[in-house]
Amino acid sequence: MSHSIDATHNPNLRSWVESANQQNIDFPIQNLPFGVFRTQGSAETTRIGVAIGDKILDLSRCYHAQLLQELPEQLQAACTAPNLNLLMGMETQARLALRHRLSELLRYEQQPSSEREILISMSDAELLLPANIGDYTDFYASIFHATNVGKLFRPDNPLLPNYKYVPIAYHGRASSIVPSGTSIKRPSGQIKKPENSAPSFSPSQMLDYELEVGFFVGAGNQLGQPIYVDKAEEHIFGLCLVNDWSARDIQAWEYQPLGPFLSKSFATTISPWILTLEALAPFRCPAFRRHQDDPQPLPYLCSSLDTNLGGIDITLEVWIRSPQMQEQDMQPLRLSRGSFQSMYWTLAQMLTHHSSNGCNLRSGDLLASGTVSGAEEGSQGCLLEMTQRGSQPIELPTGEARKFLSDGDEVILRGYCEKAGYNRVGFGECRGVILAA
């Protein structure tokens, strides 16, 4: 269902929201991503919105203006909720009906008289977390990232033997997930330098970003009932960008034997707009093609549909702007550009594996891909890889060097999909500025 291309993807569609018709914008009428907002500086109840150009379509006001009447009552009620959890939990068919109604409502020839009441400018809105996130799991699905990082610590044996069989992940911290634009305080923790016999407690000096794609669980599953791989995408609502901030010096000391803990739980930033699988249908592609010597996934992770269409062609970029660059009014510098096509494991395989032991996933749970890195130079998704653990600093346009992030640095993640014959759709930005410890 989520792979189907229909009238909502027609590249000739135009909206009465003029900014949605501009070239190369993130939110044309073909996209229609969901988010949660309130008016800037107000204490009003949060509302669900749909990004269209540089505006937000307020679904609660659409409901009160009787613009959603043809939809089932339960679906209309979900549109007036303070977050997306109810909408996420509905069947794909309901979501599709809503997408078609919103596409009709926003088309050029359908301009409603209530235009001013149902639209708010993005610049007047505070964008919040889109859902009540009960649980957060972070995967490690890029073989290039896993290999690059492995080489830094185990040059002779970078990939552990389970990597090509198991979608590796750790359970993250849902309470410290924040929306784009939230400042990130430099964490302190136990750090053991190679020359010291014991660790000390101090602010991290190796603070890093991780460029990732996140996906929200739609309909969940009962405890003890696994989700099968060919049904997995029926349980995925949509995608966002994720910056899984990482304190590499804290991580190096704490990760053995149980993996990441305080080096990651201090903050995770997500972009506020969720692109549904339906919106991404034109950009589906085959899953990553494994090397002929690699083992095939075990049967529970295999599906011909997933092999043929389990990938998504998303271009992903990281940009940085230092305080000095900001003072000199310089534009951010692009550090890397990669592709989500390079992931070793698909979304369906990650979700299926997560539930394969009977673990119950719930609407609004967030799963993330792990750092997205490619094989090519300039496609690495974190500074740990790019600077070879700080041994090869990056030079900024001001002449400054960066091994890891400095206080005041702003990191900006961007993502978009492009394909001949279809309108470009984007994720918006995922931003964060580093504050001193």
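General observations
- Taking region 315-337 as the range and being within 14 Å of the chain's Cα centre (by Cα) and more than 30 Å from G220 (Cα to Cα) as the test, the residues that pass are E317, V318.
- Which listed residue, of V149, V166, V178, is aliphatic (A, V, I, L, M), assigned to a strand (DSSP E or B) and assigned by TED's automatic domain parsing to the domain that holds L211: V178
- With respect to (1) surrounded by fewer than 18 Cβ atoms within 10 Å (Cβ to Cβ); (2) closer than 20 Å to Q349 by Cα; (3) of a type in the set (K, R), the lone exception for K164 is condition (1).
- Inter-residue pairs, beta-carbon under 7 Å, first under 30 Å from Y416 (Cβ atoms) and in region 247-271, second of a type in the set (K, R), 6+ apart: S265/R173
- Check on A94, in contact (Cβ under 8 Å) with a residue 12 or more places away in the chain, surrounded by fewer than 17 Cβ atoms within 10 Å (Cβ to Cβ) and under 30 Å from K231 (Cα atoms): yes
- Residue within region 253-265 that is among the aliphatic types (A, V, I, L, M), assigned by TED's automatic domain parsing to the domain that holds I312 and surrounded by fewer than 24 Cβ atoms within 10 Å (Cβ to Cβ) present: yes
- All conditions in (1) within 22 Å of A436 (Cα to Cα); (2) under 22 Å from the mean Cα position of the chain (by Cα); (3) not β-branched (V, I, T) hold for E212, with the sole exception of (1).
- Check on S180, within 20 Å of the chain's Cα centre (by Cα), farther than 25 Å from A252 by Cβ and surrounded by 15 or more Cβ atoms within 10 Å (Cβ to Cβ): yes
- Leading residue by the ranking (nearest to H100 (Cα to Cα)) among those in region 21-67 that are crowded, with 16+ Cβ neighbours inside 10 Å and among the charged types (D, E, K, R): D58
Conditions tested, residue by residue: (1) farther than 16 Å from T80 by Cβ; (2) charged (D, E, K, R); (3) buried (at least 20 other Cβ atoms within 10 Å of the Cβ).
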{"site": "R107", "(1), (2), (3)": "yes, yes, no"}
{"site": "S113", "(1), (2), (3)": "yes, no, no"}
{"site": "S121", "(1), (2), (3)": "yes, no, no"}
{"site": "Y140", "(1), (2), (3)": "yes, no, yes"}
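Here is a yes/no grid of residues against (1) buried (at least 19 other Cβ atoms within 10 Å of the Cβ); (2) part of a loop (DSSP other than H, G, I, E, B):
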residue: F144; (1), (2): yes, no
residue: Y170; (1), (2): no, no
residue: G189; (1), (2): yes, no
residue: P194; (1), (2): no, yes
residue: F201; (1), (2): no, no
residue: E212; (1), (2): yes, no
residue: G220; (1), (2): yes, yes
residue: E234; (1), (2): no, no
residue: V242; (1), (2): yes, no
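- One residue stands out in region 287-333 among those that are in contact (Cβ under 8 Å) with a residue 40 or more places away in the chain, acidic (D, E) and more than 23 Å from P393 (Cβ to Cβ): the one that is surrounded by the fewest Cβ atoms within 10 Å (Cβ to Cβ), namely D294.
- Candidate set: region 387-411, residues that are of a type in the set (D, E) and in contact (Cβ under 8 Å) with a residue 12 or more places away in the chain; chosen: the one nearest to P179 (Cα to Cα): E410
- Near pairs, Cβ below 8 angstrom, 6+ apart or cross-chain, from region 107-119 (touching a residue at least 60 places away in the same chain (Cβ under 8 Å)) to any residue that is of a type in the set (G, A, S): R107/S15; Y108/S15; I118/A65
- G358 meets each of the listed conditions (1) surrounded by 18 or more Cβ atoms within 10 Å (Cβ to Cβ); (2) out of contact with any strand residue (DSSP E or B) (no Cβ under 6 Å at 6 or more places or on another chain) apart from (1).
The values are calculated or read from the model by the stated rules, or taken from the named source; none is laboratory data. All of these numbers come straight from a predicted model, not from anything done at the bench. Please note: Cβ atoms are built from the backbone with ideal geometry, for glycine as well, and neighbour counts cover all protein chains shown.
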